[in-house]
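To start, the structure under review is shown below, and the notes come after it.
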Amino acid sequence: MSISIRAIDLSCQFGQVHAVDRANFTVSVGDFVAVEGPSGSGKSTLLNLIGGLEPPTGGRVEVAGTELSTLDERERTTFRRRHIGMIFQLYDLLPTLNAWQNVAVPALLDGGKLKDLQASSTELLKRVGLQDRADHKPSELSGGEQQRVAIARALMNDPQLILADEPTGALDSVTGDDILGLLQSLCEDGRTVVMVTHAARAAAYATRSLRMLDGAVTEPAAV
Amino acid sequence: MLVYRCGIVGLMSTQQILLSLLDGHPSYGYDLKREYDERFPNLKPLRFSQIYSTLSRLDRDGLVTLVGESGGNGPDRKQYAITESGVSDLETWLSAPLPVDEAPKGELFLKVSLALLSGRDAQPFLEAQRARHMARMREVTSQKRNADSETEIVVCDFTLFHLEADLSWIDHTTERLSRLKVEFKR
Ligand SMILES: Nc1ncnc2c1ncn2[C@@H]1O[C@H](COP(=O)(O)OP(=O)(O)OP(=O)(O)O)[C@@H](O)[C@H]1O
Ligand SMILES: [Mg+2]
């Protein structure tokens, strides 16, 4: 099985706070990993390190063999856009674009033309159950709907690796099940998903768990 | 205060309760009962007969040993101490997770309490229990994924929501352990 993520003594310190503290783990292609742990334990920081949004202050992390922190800013942005889909804890949609246009953003930034992207963006909205909201602006969408637009956007460039921060936090349990089923099927198709979650029912969709406590990452022994 | 109510204190638990109360200092049946009643006013009371019969069985099995007999008659003349194999039996029990489906809430709570009461860390048990619950939740989730009917899905969901509630309690208690410890100091 090939390696999707390899973290070696990966650390990130903010002042006195060890947000991530010497984490060592590997994630194989096709894994669906849940990252669990109390608030403030470093879960979002870990995703940001993997996605190259935050430089490590110690150790390193590779995604598909590439150490993002060694690339220059432009290469890093391009790598991320092509290979990684990120779903943030706060969905950060662009307020002036409607739902399908927001979904199209990663492809637009890669040089695509908006009119060529409408069909594929709308198709992705359908996968997250939002086909009838394609023309709504973020301000006209509920929190859970915005979250699903952000999920569709993360899938736009067909990334190998999806990093999701509480992707079902704003969803009711049935819609949440649909989204988790979608992430699960992406893994079965050979994508890799790392998902932060507080909800045990969500973590149970994953094939593995990483637990975080005060920045330290452990993998519970199988029972 | 302990406001937990629990149905049954099983045979196994009676043994472990007595071992954990004996851990650290020898005691008489009467004192063990008094300490138990004080510590766990909301759990099912232990009867004297149950305590004495369990003690003599533990003695026979080498988990406790008779250290003194005072004058008078009746079973309470006997003072018992825990043996090395008693300590190791207790420790094995304290750290072993419960079977998920039969884990009655009282048993989860009892193990945490007895670990703290005997001055041990309850975290390894909570972690092991968490892992076991999560493994079971993964099984049921994959069963749900392969379900043929909506009925089967909601039946799986019933189990999943209940296991999730246990797990939330396990996480919550893990977070509160250091505060809880203080209350159990004796
Ligand atoms: N940019 C920053 N500057 C300073 N401290 C930070 C920064 N980002 C995070 N931290 C600190 O690092 C720690 C980990 O934060 P992080 O956001 O990774 O936690 P989390 O596990 O995602 O929590 P939650 O479940 O609440 O989202 C926290 O103590 C936080 O205050
Ligand atoms: Mg976070």
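The values are calculated or read from the model by the stated rules, or taken from the named source; none is laboratory data. A quick note: this is a predicted structure, and the numbers were derived from the prediction, not measured. In this analysis, Cβ positions are derived from the backbone assuming ideal geometry, glycine residues included, and neighbour counts consider all displayed protein chains. For the accessible areas, the whole protein counts, side chains as well, though only heavy atoms, and no ligand, DNA or RNA atoms are used. Shrake-Rupley method; radii C 1.70, N 1.55, O 1.52, S 1.80 Å.
Among the residues of region B:11-49, how many are of a type in the set (Gly, Ala, Ser) and in contact with a Ser or Thr (Cβ under 8 Å, 6 or more places away or on another chain)?
Adding up the residues that qualify gives 2.
Could you look through region A:153-178, keep only residues that are of a type in the set (A, V, I, L, M, F, W, C) and closer than 25 Å to B:Met137 by Cβ, and pick out the one that is most open to solvent (accessible area, probe 1.4 Å)?
Only one residue tops the list, namely A:Val174.
Report, by residue number, each residue of region B:1-40 that is in a helix (DSSP H, G or I), hydrophobic (A, V, I, L, M, F, W, C) and at pLDDT below 90.
B:Leu11, B:Met12
Out of A:Pro55, A:Pro38, report the one residue that is assigned to a loop (DSSP other than H, G, I, E, B), within 13 Å of ligand 1 (Cβ to nearest atom) and either under 20 Å from A:Leu186 (Cβ atoms) or more than 14 Å from chain B (Cβ to nearest Cβ) (or both).
Exactly one residue qualifies, and that residue is A:Pro55.
How many of the residues making up region B:173-186 are open to solvent by 100 Å² or more (accessible area, probe 1.4 Å) and either at pLDDT 90 or above or part of a helix (DSSP H, G or I) (or both)?
The qualifying residues number 4.
Which condition breaks for A:Gly181 when tested against (1) in contact with a strand residue (DSSP E or B) (Cβ under 9 Å, 6 or more places away or on another chain); (2) closer than 30 Å to B:Thr159 by Cα?
(1)
In region A:184-201, which residues are in contact with a helix residue (DSSP H, G or I) (Cβ under 6 Å, 6 or more places away or on another chain) and within 16 Å of ligand 2 (Cβ to nearest atom)?
A:Val196, A:Thr197
Going through A:Ala206, A:Ala164, A:Ala152 one at a time, which residue ends up being within 26 Å of A:Ile50 (Cα to Cα), within 14 Å of chain B (Cβ to nearest Cβ) and small (Gly, Ala, Ser)?
Details: A:Ala164 fails: within 14 Å of chain B (Cβ to nearest Cβ); A:Ala152 fails: within 14 Å of chain B (Cβ to nearest Cβ).
Sole residue among the options that is within 26 Å of A:Ile50 (Cα to Cα), within 14 Å of chain B (Cβ to nearest Cβ) and small (Gly, Ala, Ser): A:Ala206.
Considering each of A:Arg127, A:Arg80 in turn, give the residue that is farther than 24 Å from A:His18 by Cβ and buried (at least 22 other Cβ atoms within 10 Å of the Cβ).
Criteria check complete, one pass: A:Arg80.
Among the residues of region B:134-152, are any within 19 Å of the chain's Cα centre (by Cα) and surrounded by 19 or more Cβ atoms within 10 Å (Cβ to Cβ)?
no
Answer yes if at least one residue in region B:126-145 is more than 12 Å from chain A (Cβ to nearest Cβ) and either outside any strand (DSSP E or B) or of a type outside the set (Lys, Arg) (or both), and no otherwise.
no
Which of (1) closer than 28 Å to B:Trp169 by Cβ; (2) away from ligand 2 (no atom under 13 Å from the Cβ); (3) surrounded by 19 or more Cβ atoms within 10 Å (Cβ to Cβ); (4) away from chain B (no Cβ under 14 Å) does A:Val33 not meet, given it meets every other one?
Looking at each condition in turn, A:Val33 falls short on (4).
Quick check on region A:58-65. Is at least one of its residues within 16 Å of ligand 1 (Cβ to nearest atom) and in a loop (DSSP other than H, G, I, E, B)?
No; the residues of region A:58-65 include none that is within 16 Å of ligand 1 (Cβ to nearest atom) and in a loop (DSSP other than H, G, I, E, B).
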